[in-house]
Amino acid sequence: MERHRRRGPRRPGRRHSGAGGAVNLPIIKFSVDWWSTLHQGESIIAGKIAPVYLWPLLLMMLGYGLLFLIFGPSASAPIS
């Protein structure tokens, strides 16, 4: 099949989109450090979350993990 044939002219914007994303990473990282009062600190790891919220959160994380194992990427056939 001719799936990998280039369709249409090249688009140079794709080449620069990765560079734009790389520039944004330090900006996002330092904005969190500079304006730390705007961002919530650690809740789960530091133990600051109430048990009434923690147990349902852990239960849903476990359920999502089980669903991923059952219906995950291996359940779907690759498109060819």
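The values are calculated or read from the model by the stated rules, or taken from the named source; none is laboratory data. Quantities reported herein were computed from a predicted structural model and do not represent experimental measurements. So basically every Cβ, Gly included, is an ideal-geometry build from the backbone, and we count neighbours across all protein chains shown.
The set of residues in the stretch 15-72 being at pLDDT 85 or above and among the hydroxyl-bearing types (Ser, Thr, Tyr) consists of Tyr53, Tyr64.
Each residue in the stretch 42-60 was checked for being part of a loop (DSSP other than H, G, I, E, B) and surrounded by fewer than 10 Cβ atoms within 10 Å (Cβ to Cβ), and 5 of them qualify.
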